[in-house]
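See below for the structure under consideration.
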Amino acid sequence: LCGSQFWNASETWWTDDPDFTPCFEQTVLVWTPCAFYWCFVIFDFYYLKASLDRNIPWNKLNVSKALVNLGLLVITALDLIMALIKKGGDSELPLYDLDVWGPIIKFATFLLIFIFILLNRKYGVQTTGCQFLFWFLLTVLSIPRCRTEVRQDADRQKILDSQQDTKHNFFWEEYQFVSFFISFTFTCIMLILNCFADGMPKQTKYQRGENEIPELSASFISRITYRWFDSMALKGYRNPLEEKDLWDLRPQDSCSEVMPIFAHHWNQKVRKNYKGRARVEPKAQFSNGHVTFENPHGEKNGRKKGMASIMPPIYRSFGGVFLFGSLMKLFTDVLTFAQPQVLSLIIGFVEAHETDPQPEWKGIMYSVLLFVLAAAQTFILGQYFHRMFIVGLRIRTALINAIYRKALRISNSTKKESTVGEIVNLMAVDAQRFMELTTYLNMIWSAPLQIGLALYFLWQQLGPSVLAGLAVMIILIPVNGVIASRIKTYQIRQMKYKDERVKLMNEVLSGIKVLKLYAWEPSFEKQV
């Protein structure tokens with residue numbers, strides 16, 4: 001592939017002066033960021049499609065991004081041309097596959113990023129996490145090659161100083177040296193530029209005023225660190241927060257955006273539950289504050305097949321963000337158990353220092369790795385809970401809107417089947433339960449995964465003694481089942497009491513004049 005050894009453990013691991021092979025630096029350390037971006041570019045497509053804004057004006061930031069990226073394209077294309085010249089010329093230097101495929105892979109990746117820079121400006125996307133992570137990985141993973149190139153250049157200078165007649169033999173190496181450091185400089189510039197968000201779009205679906213939430217215009221690094229929330233925290237630290245201090249709701253989380261999606265999928269589900277349904281696809285539109293719902297009872301000649309479930313429309317409406325949050329939860333669980341393994345390596349390094357001393361750089365690497373894993377887990381876990389709360393909020397918004405709209409449109413005969421208290425509890429309590437459930441719903445698969453990983457790693461440390469803890473967990477399963485069953489029974493009973501209380505309060509408020517005239521306040525107070 002590259003005319004040299006791909007991996008050499010004696011140079012990389014079992015040494016006091018570690019270094020990767022040139023082949024490894026020019027393949028794995030370069031192609032890994034490229035593969036990352038090609039795998040996760042689908043998120044950039046999603047943000048383009050979901051954007052509610054359009055047409056960011058040209059400014060210093062996006063022009064700089066486009067020009068620097070264009071410079072990288074030119075340098076990469078020049079690398080490919082030089083490799084082809086090297087192949088077709090009279091040079092005695094061999095041409096390897098890496099000399100051709102390396103620039104092609106980088107050129108394709110830089111070209112894709114350049115296209116997305118233009119598309120992000122057109123569709124009003126002010127920041128993108130995939131591009132930031134790509135430039136961050138490419139910059140960090142290029143540092144080992146910087147060290148290698150500097151060392152090789154120093155060796156070449158020594159040879160050139162001793163033999164003046166061999167300068168032409170190093171033309172290709174000197175070109176690679178200059179080309180790499182120009183590319184590395186441009187890469188660092190792109191990383192810095194991606195730390196900032198682009199300007200305000202010209203065309204917005206919703207009016208964006210001074211009281212808009214700063215998250216909309218925050219950069220990716222500001223969002224993962226919640227830097228945009230600092231002003232609110234500081235204001236709350238200095239003075240008690242009031243309603244006027246709060247920011248406007250994000251347009252993506254507003255009822256006007258959430259409800260049409262949910263209504264569309266709900267109408268589809270209702271139609272499947274009735275025979276003789278219309279052939280056209282159900283539509284849900286939001287205009288002038290009104291959502292268009294189709295008749296949930298189907299056509300007049302339709303025959304009901306069964307009650308429509310609320311869960312499939314919820315899955316289809318909000319499942320994408322929920323699945324992305326589940327992926328974050330999986331990464332968090334893996335990182336949770338990766339940290340004890342690194343800590344075990346640190347302990348082993350310290351214990352072996354007296355008997356079989358290891359290079360000092362390994363201990364430093366273990367410590368840095370432990371910090372990186374802990375920081376990554378913190379960032380990802382914060383984003384997981386943030387997204388789960390957003391999904392729960394959207395589900396709650398959709399359910400409250402649907403219940404309230406249904407309550408306004410049901411017939412008088414149907415109203416007799418449900419009390420006002422039951423309807424209020426559906427909107428105030430049951431919808432809130434969905435929001436609370438969403439945050440911890442992933443524990444259905446996450447808890448068994450954590451238990452399995454914990455038992456596996458504990459078995460390596462304690463052996464069969466782990467079975468005692470496993471037995472305790474198994475014994476507690478039926479106990480927890482009984483407790484959960486009792487809690488469910490009490491909650492059902494509590495909901496009935498709430499229904500009765502709300503119904504009684506409604507009667508009290510409706511007939512307050514009669515209560516006052518007959519002095520019935522104490523007796524009704526006791527009943528409430």
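For the structure I just gave you, tell me whether L327 is within 30 Å of N267 (Cβ to Cβ), assigned to a helix (DSSP H, G or I) and open to solvent by 60 Å² or more (accessible area, probe 1.4 Å). So that I can check it myself, show each step before the final result.
Details: within 30 Å of N267 (Cβ to Cβ): yes; assigned to a helix (DSSP H, G or I): yes; open to solvent by 60 Å² or more (accessible area, probe 1.4 Å): yes.
Here the answer is yes, as L327 does meet what is asked.
Restricting the first residue to segment 206-226 and requiring it to be hydroxyl-bearing (S, T, Y), which pairs with a second residue that is open to solvent by 60 Å² or more (accessible area, probe 1.4 Å) meet a Cβ separation below 6 Å and a spacing of at least six or different chains?
That search, which allows pairs on different chains as well, returns S219/F196.
Can we say Q491 is without any contact (Cβ under 8 Å) to a residue 24 or more places away in the chain and either within 36 Å of the chain's Cα centre (by Cα) or in a helix (DSSP H, G or I) (or both)?
Criteria met by Q491.
Could you say which residue among G382, G392 is farther than 22 Å from M311 by Cα and small (G, A, S)?
On the way: G392 fails: farther than 22 Å from M311 by Cα.
Among G382, G392, only G382 is farther than 22 Å from M311 by Cα and small (G, A, S).
Okay, residues lined up against (1) assigned to a helix (DSSP H, G or I); (2) of a type outside the set (F, W, Y):
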site: L84; (1), (2): yes, yes
site: L95; (1), (2): no, yes
site: G102; (1), (2): yes, yes
site: F107; (1), (2): yes, no
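Note down all Cβ pairs under 8 Å where the first residue falls in segment 370-381 and is part of a helix (DSSP H, G or I), the second is hydroxyl-bearing (S, T, Y) and open to solvent by 30 Å² or more (accessible area, probe 1.4 Å), and they're at least six residues apart or on different chains.
Once the first residue is part of a helix (DSSP H, G or I) and sits in segment 370-381, its partners that are hydroxyl-bearing (S, T, Y) and open to solvent by 30 Å² or more (accessible area, probe 1.4 Å) give Q377/T336; F379/T225.
Since R396 meets every condition but one in (1) in contact with a Pro (Cβ under 7 Å, 6 or more places away or on another chain); (2) crowded, with 16+ Cβ neighbours inside 10 Å, which condition does it not meet?
Failing condition for R396: (1).
Restricting to segment 34-84, and then to whatever is in contact with a helix residue (DSSP H, G or I) (Cβ under 8 Å, 6 or more places away or on another chain) and among the acidic types (D, E), can you tell me which residue is most open to solvent (accessible area, probe 1.4 Å)?
Looking at residues that are in contact with a helix residue (DSSP H, G or I) (Cβ under 8 Å, 6 or more places away or on another chain) and among the acidic types (D, E), I get D79.
Can you tell me which residue within segment 4-33, out of those that are open to solvent by less than 60 Å² (accessible area, probe 1.4 Å) and touching a Leu at 6+ places or on another chain (Cβ under 8 Å), is nearest to P201 (Cα to Cα)? Before you say what the answer is, go through the steps one by one.
Going through segment 4-33, the residues open to solvent by less than 60 Å² (accessible area, probe 1.4 Å) turn out to be 8-9, 12, 15, 18-19, 21-30, 33.
From the residues that got through so far, the ones that are touching a Leu at 6+ places or on another chain (Cβ under 8 Å) too are 23, 26-27, 29-30, 33.
Numbers: C23: 44, Q26: 39, T27: 39, L29: 36, V30: 34, P33: 29 Å.
Only one residue fits best here, namely P33.
Filter segment 492-528 for residues that are aliphatic (A, V, I, L, M), open to solvent by 70 Å² or more (accessible area, probe 1.4 Å) and at pLDDT below 85 and give the result.
Hits for segment 492-528: nothing passes.
Say whether the condition of being modelled with pLDDT of 90 or more, in contact with a Leu (Cβ under 7 Å, 6 or more places away or on another chain) and within 30 Å of F337 (Cα to Cα) is met by at least one residue in segment 448-457.
Within segment 448-457, one or more residues are modelled with pLDDT of 90 or more, in contact with a Leu (Cβ under 7 Å, 6 or more places away or on another chain) and within 30 Å of F337 (Cα to Cα).
Tell me, yes or no, whether segment 449-469 has at least one residue that is assigned to a loop (DSSP other than H, G, I, E, B) and under 27 Å from F389 (Cα atoms).
There is no residue in segment 449-469 that is assigned to a loop (DSSP other than H, G, I, E, B) and under 27 Å from F389 (Cα atoms).
In this structure, does T187 turn out to be among the hydroxyl-bearing types (S, T, Y) and either open to solvent by 40 Å² or more (accessible area, probe 1.4 Å) or over 22 Å from Y46 (Cβ atoms) (or both)? So that I can check it myself, show each step before the final result.
Working: among the hydroxyl-bearing types (S, T, Y): yes; either open to solvent by 40 Å² or more (accessible area, probe 1.4 Å) or over 22 Å from Y46 (Cβ atoms) (or both): yes.
For T187, the condition - among the hydroxyl-bearing types (S, T, Y) and either open to solvent by 40 Å² or more (accessible area, probe 1.4 Å) or over 22 Å from Y46 (Cβ atoms) (or both) - is met.
Among (1) more than 33 Å from the chain's Cα centre (by Cα); (2) open to solvent by 70 Å² or more (accessible area, probe 1.4 Å); (3) not basic (K, R), which single condition is A468 missing?
(2)
Here is a list of conditions, (1) open to solvent by less than 80 Å² (accessible area, probe 1.4 Å); (2) farther than 25 Å from M443 by Cα, and R387 meets all of them except one; can you say which number that is?
In the conditions (1) open to solvent by less than 80 Å² (accessible area, probe 1.4 Å); (2) farther than 25 Å from M443 by Cα, R387 misses (2) alone.
When S231 is evaluated against the numbered criteria (1) in a loop (DSSP other than H, G, I, E, B); (2) within 26 Å of T378 (Cα to Cα); (3) polar (S, T, N, Q), which criterion, by number, is the only one it fails?
Unmet for S231, out of (1) in a loop (DSSP other than H, G, I, E, B); (2) within 26 Å of T378 (Cα to Cα); (3) polar (S, T, N, Q): (1).
Please go through segment 126-155 and pick out each residue that is open to solvent by less than 20 Å² (accessible area, probe 1.4 Å) and outside any helix (DSSP H, G or I).
Of everything in segment 126-155, those that are open to solvent by less than 20 Å² (accessible area, probe 1.4 Å) and outside any helix (DSSP H, G or I) turn out to be Q126, T128.
Just one of the numbered conditions (1) open to solvent by 70 Å² or more (accessible area, probe 1.4 Å); (2) touching a residue at least 12 places away in the same chain (Cβ under 8 Å) is not true of E242; which one?
Unmet for E242, out of (1) open to solvent by 70 Å² or more (accessible area, probe 1.4 Å); (2) touching a residue at least 12 places away in the same chain (Cβ under 8 Å): (2).
Go through the residues of segment 12-19 one by one and say whether even a single one is part of a loop (DSSP other than H, G, I, E, B), over 30 Å from L323 (Cα atoms) and touching a helix residue (DSSP H, G or I) at 6+ places or on another chain (Cβ under 7 Å). Quick ask: steps written out before the conclusion?
Pass one, segment 12-19, residues part of a loop (DSSP other than H, G, I, E, B): 13-19.
The next check asks that each one be over 30 Å from L323 (Cα atoms); those that pass are 13-19.
This time we only want the ones that are touching a helix residue (DSSP H, G or I) at 6+ places or on another chain (Cβ under 7 Å), so: 18-19.
Looking through segment 12-19, at least one residue is part of a loop (DSSP other than H, G, I, E, B), over 30 Å from L323 (Cα atoms) and touching a helix residue (DSSP H, G or I) at 6+ places or on another chain (Cβ under 7 Å).
The values are calculated or read from the model by the stated rules, or taken from the named source; none is laboratory data. Please read all numbers here as calculations on a predicted model, not as lab measurements. Ideal geometry is used to build each Cβ from the backbone, glycine not excepted, and the neighbour counts take in all protein chains shown. Please note that ligands, DNA and RNA were not included when accessible areas were found on the heavy atoms of the full protein model with its side chains. Shrake-Rupley method; radii C 1.70, N 1.55, O 1.52, S 1.80 Å.
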